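Down below is the structure, laid out as structure tokens.
Each reported figure results from applying straightforward, stated rules to the coordinates on display, with no laboratory input. Everything numeric in this text was worked out from a predicted model, so none of it was measured. When we count neighbours, we look across all protein chains shown, and the Cβ atoms used for this are built from the backbone with ideal geometry, even at glycine.
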Ligand SMILES: Cc1ncc(COP(=O)(O)O)c(C=O)c1O
């Protein structure tokens, strides 16, 4: 039988490399016979403290209403966000995770080979994935010392360039852009080119850049935020874009009618109130990062100082170290798919989780070091 469908498929899909997420806990449990409760996942930059109790309570209170469609416009969540950010609700677009806002930006600006997207060489994988899916042209601009090279990105802007993605702090490197440099960059980008500043990890930065002020003064800036990291709601899939009203209006047109679900909306709205959960998360992240850094230093491992809730660390053979940790019930993230085969990325976990990780490290590194010496 000839495979007729394969000749009918959108050619962009045949070239696309699927996204490789962090290994799910249940999958490791099935493969190695662990109980899911004993597995430690430090692979997807989730909040190790879990969701805010406010979110859990809000979900419990609203469970009996899940037979109803959600408010497609997410009125209550948008109102709460607008009040906390001092912007108008018309500046906000809710998404099924901030990933959806990334996709919507491609719908708006980059869906053909004549439209080009720029991002750094070590950037969040979904930018490239979407460019491939939409058949847009893209350039991966060389970074400098694992940080965005903003000058190079500016020089790479050409007549076809429509969209630039800048994650700050960046994933997978964890590096941040000094605020003044970011402002200069945003002012220098021609107004016909849209800059998406992906702030998935901005809640972990003590002195975040005032990017919201750019929404008020420029037409070409979009900010992406998520409830998946600091707020611990990754499983609910809820994020948002903040954009000038003209762009926000088009993003609204491009989205599905009920793109964010009801429980996600109520949980996110409740999470915004829980300052205690945010403070606790910041505290364990800062303390955990310090512990990891000290541990890596003791082990003689090079790492990239991080402004987010994870650290990129050089282990020599990322796949080997990833697999060795799996055998011990610990999931970290190998970085081969990011072009960083010698590195792994580790999310900052609870003190107990980090103790187990750091305890396991020396024996896992031993065979690699013995090989090095041969
Ligand atoms: C830089 C960056 N942007 C966006 C996302 C997507 O987050 P979500 O779709 O869960 O909001 C992630 C998730 O890891 C990320 O690291």
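Note on region 34-99: percent of Cα-Cα distances in each 10 Å bin, starting at 0 and stopping at the bin with the largest distance, equals 15, 32, 37, 14, 3. The Cα trace of region 65-125 gives Rg and Dmax of 15.6, 46 Å, the first to one decimal, the second as a whole number. Dividing the radius of gyration of the alpha carbons in region 305-361 by their Kirkwood radius gives 0.95 for Rg/Rh.
One-quarter of the Cα convex hull surface for region 118-181, in nm²?
Here the figure is 4.2 nm², rounded to one decimal.
Largest first, the three principal axis extents of the alpha carbons in region 55-273 are 54, 37, 30 Å in whole numbers.
Site pair residue 217 and residue 323 shows an inter-label distance of 5.3 nm when each label is modelled 7 Å from Cα along Cα→Cβ.
With a Förster radius of 51 Å, plug the Cβ-Cβ distance of residue 151 and residue 35 into 1/(1 + (r/R0)^6) and report the FRET value to the nearest 0.05. The value I calculate is 0.50. Extension gain for residue 342 to residue 75 (0.36 nm times residue separation, less C-alpha to C-alpha distance): 91.5 nm. In the frame of its principal axes, region 1-112 has Cα extents of 57, 45, 30 Å, reported largest first.
Distance between the C-alpha centres of region 298-367 and region 1-42: 22 Å, rounded to the whole angstrom.
Report the equivalent ellipsoid semi-axes for region 240-347 in whole Å, largest first, defined as the square roots of five times the eigenvalues of the gyration tensor built from alpha carbon atoms.
On the way: eigenvalues 251, 79, 43 Å².
Working through the eigenvalues yields semi-axes of 35, 20, 15 Å.
For the chain, the Kirkwood estimate of the hydrodynamic radius, built from every pair of different alpha carbons, is 21.8 Å. In this structure, residue 13 and residue 253 have a Cβ-Cβ separation that, at R0 = 30 Å, corresponds to a calculated FRET efficiency of about 0.75.
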